[in-house]
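To keep things clear, I will list the structure first and then write my remarks on it.
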Amino acid sequence: MATGLGTLVSSSPPVATPRPNGGALAGLLRGMRPGQWSKNLLVFAAPAAAGVITEQGPLLDAVVAFVAFCAASAGTYLLNDARDVESDRRHPVKRNRPIASGQVGVVTAYVAGTVLVVAAVVIGFMVTTALALTLIGYLALTTSYSFGLKNVAVVDLVAVSAGFVLRAVAGAAATDVPLSEWFFIVTSAGALLVITAKREAELAHHHRSVADPNERPTRAVLASYTPSFLNSVRSIAAGLMLVAYCLWAFEGGPTAETAPETAVWLQISMVPFAVVVLRYVQLADAGAAERPERLLVSDRVLVVAGAAWAIVYAVGIYVA
């Protein structure tokens, strides 16, 4: 393995962000955190799963939904950092963020963030009312999270997971694809698995990096969690995800009229899907899931199993 389990666990995440560089425009872009926009690719999940992503209309609508979610998330990042500027300046890492460091003015951040948020909703209405309402729900959720939900144990796990689910719902809303209960359960359980494993890794990293075990972590809510609780939630989420996917595959997939030859491919896809989930659980158990967006593309087993699942699934939906 090019990237082994030991390497992932031993490689600790960076403890500081780069010093500000460039002008205000470069700072604004960095404050929008484009590295986090990959999460918005979930808007393609529902149309891809339903087999309509190759059609021009649904594909265009999904792309527009992706752009709208990128604008919405970028705007909320700027607004949140502008609101928290004073506390960020006292943080050893966050003080290097563009707004906290002074690279971008607070007023500029508020204006740019507001423009992006409004633009996201307007773009949503241009596609479908359902997409716009989903975006409004996402913005209300992220605002509530920033103003307090992030400090409430358990609720923070559900809130962040719901943000992932809303992205998937947005793709269905934009392309007029009906969501099955199994798709919703798999997506929800998968999101809960990822965010719980992330909190578990953050808590483990905190315990390793402080001399005083009573020192409060920089993410306040971590003080309310124990490793055993997070481990239990992660196990429940992984089990639910696997069971729901298997039941969905055995029931015929996206539609009740799925042809037998298609159903066979979907049932075969359970094997690489299970490998992906179990491998992620293994890595999470070792404390390597603090940065899931990197883990998913750096671990060879995850990459190969994920590609195998995508190929088998695509054959079943688009070829068979």
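Values quoted throughout were computed directly from the atomic coordinates according to the rules given, and no laboratory measurement underlies them. Please read all numbers here as calculations on a predicted model, not as lab measurements. Cβ: placed from backbone, ideal geometry, glycine included. Neighbour counts: every protein chain shown.
Brief remarks follow.
- Once the chain from Leu247 to Phe125 is taken as fully extended at 0.36 nm per residue, the excess over their C-alpha distance is 40.4 nm.
- Backbone N within the range 110-134 under 12 Å of label point (7 Å from Glu293 Cα along the Cβ vector): none
- Dipole of the chain, positive direction: furthest Cα of Leu25, Ala130, Ala140, with charges on the beta-carbon: Leu25
- Global form of the chain, assessed from the alpha-carbon gyration tensor, a/c cut-off 1.5: oblate
- Between the residues Pro227, Val121, His206, the greatest Cα displacement towards the positive end of the dipole of the chain, with unit charges on the Cβ of Lys, Arg, Asp and Glu, is found for His206.
- With the simple spin-label model, which puts each label point 7 Å out from Cα in the Cβ direction, the Val304 to Arg95 separation comes to 4.6 nm.
- Cut-off 17 Å (backbone N to label point 7 Å along Cα→Cβ of Ile311), residues of the range 268-301: 268-276, 300-301
- Over the chain, relative contact order from alpha-carbon pairs under 8 Å, at least 6 apart, %: 19
- Computed E for Leu60/Ile136 - FRET, C-beta separation, R0 22 angstrom, nearest 0.05: 0.50
- Around the Cα centre of the chain, unit charges on the Cβ atoms of Lys, Arg, Asp and Glu (plus for the first two, minus for the last two) sum to a dipole of about 1220 debye.
- Here is how the number arises for the chain: DSSP H runs of 4 or more residues each give -39500 (n - 2.57), the sum is divided by the residue count, and the result at 222 nm is -22000 deg cm²/dmol.
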